[in-house]
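J.: The structure that follows is given in the form of structure tokens.
The values are calculated or read from the model by the stated rules, or taken from the named source; none is laboratory data. As the structure is a prediction and not an experimental result, all values here were calculated from the model. Cβ: placed from backbone, ideal geometry, glycine included. Neighbour counts: every protein chain shown.
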Amino acid sequence: MNKPIACQYHNHDHCIDEALRSARTLCQQKQVRLTQLREKVLELIWQSHKPLGAYALMEMLAVDSTRRVAPPTVYRALDFLLEQHLIHRINSLNAFIGCPDPHHLHQNQFLICKSCGIATECINEALQSSIEQTGTAAGFAIEQHSVEIIGLCPNCQHQENQQEHGINHE
């Protein structure tokens, strides 16, 4: 099985280590507590580029623990991570992904592959500007927004093209 395109070109261990290091620094600067559970939830979210829901996180936490973590506990950890801008919520999937730049407040724009499930945060200044102009023209004060674009990642497009042409590399 091929890896999703977002996973092919970087070192996940470095990705996770950097996210955790950044989270520790940010929490220390804000004088908020990054508990062991909150850090573990963040680590699990960063282990893949596929958005994770709360119940998937509970199952993953249960594997690492001798006792089951209750839903409210996981939701509190997720709320904390959201408040600190360490993760983003993908509304259409009711799931969460790590934020690669938690030190700078920004609006959410995601490319979500409907085939392999990866989600990639992207920043498009032209799109951001257009949304702000649309709000202003309507007399609307935008406080936050999230743009979720569904399609196929390059890897899944490639696989689909091979299948359409009868090419099989297995």
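J.: Go over the candidates Arg33, Arg38 one by one and state the one that is crowded, with 17+ Cβ neighbours inside 10 Å and either out of contact with any Leu (no Cβ under 6 Å at 6 or more places or on another chain) or small (Gly, Ala, Ser) (or both). Please lay out each step first, then the result.
T.: Numbers: Arg33 fails: crowded, with 17+ Cβ neighbours inside 10 Å.
Answer to the check: Arg38.
J.: Any residue in region 75-97 that is in a loop (DSSP other than H, G, I, E, B) and more than 24 Å from Cys122 (Cβ to Cβ)?
T.: Of all residues in region 75-97, those in a loop (DSSP other than H, G, I, E, B) come to 84-86, 94.
With the extra rule that they be more than 24 Å from Cys122 (Cβ to Cβ), the set shrinks to none.
Looking for residues that are in a loop (DSSP other than H, G, I, E, B) and more than 24 Å from Cys122 (Cβ to Cβ), one finds none in region 75-97, hence no.
J.: Next question, about the same structure. Among what's in region 62-74 and is in a helix (DSSP H, G or I) and in contact (Cβ under 8 Å) with a residue 24 or more places away in the chain, pick the residue that is farthest from the chain's Cα centre (by Cα). Walk me through it before giving the result.
T.: If we filter region 62-74 for residues that are in a helix (DSSP H, G or I), which is where we start, we get 62-64, 71-74.
Narrowing further to those that are in contact (Cβ under 8 Å) with a residue 24 or more places away in the chain: 64, 73-74.
Working: Asp64: 21, Thr73: 20, Val74: 16 Å.
In this case the residue turns out to be Asp64.
Residue-wise test of (1) among the basic types (Lys, Arg); (2) more than 27 Å from the chain's Cα centre (by Cα); (3) within 22 Å of His88 (Cβ to Cβ).
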residue: Cys116; (1), (2), (3): no, no, yes
residue: Glu121; (1), (2), (3): no, no, yes
residue: Glu125; (1), (2), (3): no, no, yes
residue: Glu132; (1), (2), (3): no, no, yes
residue: Ile142; (1), (2), (3): no, no, yes
residue: His145; (1), (2), (3): no, no, yes
residue: Ile150; (1), (2), (3): no, no, yes
residue: Gln159; (1), (2), (3): no, no, no
residue: Gln163; (1), (2), (3): no, yes, no
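J.: Just to verify a result, which residue in region 57-83, among those that are exposed (fewer than 11 other Cβ atoms within 10 Å of the Cβ) and among the aliphatic types (A, V, I, L, M), is farthest from Ile45 (Cα to Cα)?
T.: Residue satisfying both the conditions and the ranking: Ala70.
J.: Okay, moving on. Taking the criterion of being loosely packed, with under 14 Cβ neighbours inside 10 Å, at pLDDT 95 or above and acidic (Asp, Glu), would at least one residue in region 101-111 satisfy it?
T.: no
J.: Out of region 118-170, which residues are in contact with a Cys (Cβ under 6 Å, 6 or more places away or on another chain) and either free of Cβ contacts under 8 Å to residues at least 12 places away in the same chain or not in a loop (DSSP other than H, G, I, E, B) (or both)?
T.: Listed by number, the list holds a single entry, Cys156.
J.: So, one more: Which ones in region 112-127 are surrounded by fewer than 16 Cβ atoms within 10 Å (Cβ to Cβ) and closer than 19 Å to Gly53 by Cβ?
T.: To start, the set of residues in region 112-127 that are surrounded by fewer than 16 Cβ atoms within 10 Å (Cβ to Cβ) comprises 114-115, 122-127.
Matches in region 112-127: Lys114, Ser115.
J.: Out of region 41-70, which residues are among the charged types (D, E, K, R) and modelled with pLDDT of 95 or more?
T.: Taking region 41-70 first, the residues among the charged types (D, E, K, R) are 43, 50, 59, 64, 67-68.
Residue satisfying the conditions is Glu43 alone.
J.: Take the conditions of a type outside the set (Gly, Ala, Ser), within 21 Å of Asn108 (Cα to Cα), surrounded by 11 or more Cβ atoms within 10 Å (Cβ to Cβ) and modelled with pLDDT under 95 and apply them to His158. Does it pass? Break it down stepwise before answering.
T.: Details: of a type outside the set (Gly, Ala, Ser): yes; within 21 Å of Asn108 (Cα to Cα): no; surrounded by 11 or more Cβ atoms within 10 Å (Cβ to Cβ): yes; modelled with pLDDT under 95: yes.
No; evaluated as a whole, the condition is false for this residue.
J.: Go through region 25-38 and give me each residue that's free of Cβ contacts under 8 Å to residues at least 24 places away in the same chain and either closer than 17 Å to Leu105 by Cα or under 15 Å from the mean Cα position of the chain (by Cα) (or both).
T.: Thr25, Gln29
J.: Taking Ile87 and the conditions (1) surrounded by fewer than 19 Cβ atoms within 10 Å (Cβ to Cβ); (2) under 19 Å from Leu20 (Cα atoms), which numbered condition does it fall short on, given that it satisfies the others?
T.: (1)
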